[in-house]
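Let me begin by presenting the structure, written as structure tokens, before commenting on it.
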Amino acid sequence: MGIFWLQIRRIFGLAILMVSYGVATAQPQATPSARGNISSTFAAGHEGWQVVGDAQDGASIPDWHSSGGNPSGCITVEDDVAGGTWYWQAPDHFLGNRVLAYQTDLTFDLRQSETDNQFDAADVILIGNGITLEFDTAVNPATTWTSYRVPLDEQAGWIIQATGIAPTASEMQSVLSNLTTLWIRGEFRDGPDTGGLDNVTFSGFQATTVVFLPFVRR
């Protein structure tokens, strides 16, 4: 019995010593891990997307449809034919630090009601850290859903609005690291029209993994 209690005292004393010096305790710390995607499929609503420019009779909220998308739901906007070009405006959860999206793709589906009297303008606009980037896609959308894949890479055809030249790698990453605006063009026709948007996917959502690091009492 004496030996048994001696062993207990030794174990108890060792536990106190380990806790005192922080050997046996740990604190959780979140660290960046995998890259994920942010998507809007409009299956249940407009998901925070808005419209800027001459559309929706001055309102900023697009029309949501539970069907007619590619597939399922989608959003549409009516042109006011008041001059200018209207754009789809991404909600806040697409913005912020999206540097992990660098050298991935922004994808989306567009549709327009008419394809005559087309005009040219920047098709995608990104703004961040005082830099505005513009991208022109190769073709305008059809009257059926047209899918787009826009590389988020300085060699893909992006230009800086202020200079008309391609951004450097550091400028491209600077914009993505503090993204304040993401616009996708919705108007392509000179005259009344209706534009539709569906299936927007943007990489760069930073997930976290919890790891345990040793805690040392000071």
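Just a few scattered comments:
- Near the amide H of residue 113, within less than 5 Å, lie the amide hydrogens of 194, all on another chain or at least 5 residues away, with H placed in the peptide plane.
- Amide H contacts for residue 80 (H built 1.01 Å from N in the peptide plane; partners 5 or more residues away or on another chain; cut-off under 5 Å): 55, 56, 57.
- Highest average first, the peptides 37-45, 162-170, 59-67 ordered by how many other beta carbon atoms sit within 10 Å of their residues are 37-45, 59-67, 162-170.
- Placing dummy labels 7 Å off each Cα toward the beta-carbon, the span from residue 116 to residue 52 is 3.2 nm.
- Prolate/oblate/rounded label for segment 129-180 (Cα gyration tensor, a/c 1.5): prolate
- Under the Karplus curve 6.51 cos²θ - 1.76 cosθ + 1.60, θ = phi - 60°, whole-Hz ³J(HN,Hα) for segment 110-123, x wherever Gly or Pro sits: 10, 8, 10, 6, 9, 10, 8, 6, 6, 9, 9, 6, 4, 8
- Rounded accessible area of residue 123 (nearest 10 Å², 1.4 Å probe): 10
- Separation of the residue 93 and residue 140 label points, Cα + 7 Å toward Cβ, nm: 3.3
- Estimated vicinal HN-Hα couplings, Hz - segment 68-82 in sequence order (Karplus 6.51, -1.76, 1.60; Gly, Pro = x): x, x, 10, x, 6, x, 6, 10, 9, 9, 9, 6, 8, 6, 10
- Extension gain (nm, one decimal) between residue 61 and residue 161, 0.36 nm per residue minus Cα-Cα: 33.3 nm
- Within the accessible area of segment 31-124 (1.4 Å probe), percent carbon and sulfur: 47
- Per residue accessible area of segment 89-164, 1.4 Å probe, in Å²: 47
The values are calculated or read from the model by the stated rules, or taken from the named source; none is laboratory data. None of the values given here were measured: they were computed from a predicted structure. Note that we place each Cβ from the backbone using ideal geometry, even for glycine, and neighbour counts take in every protein chain shown. Just the protein is used for accessible areas: all its heavy atoms, side chains included, with ligands, DNA and RNA removed. Shrake-Rupley method; radii C 1.70, N 1.55, O 1.52, S 1.80 Å.
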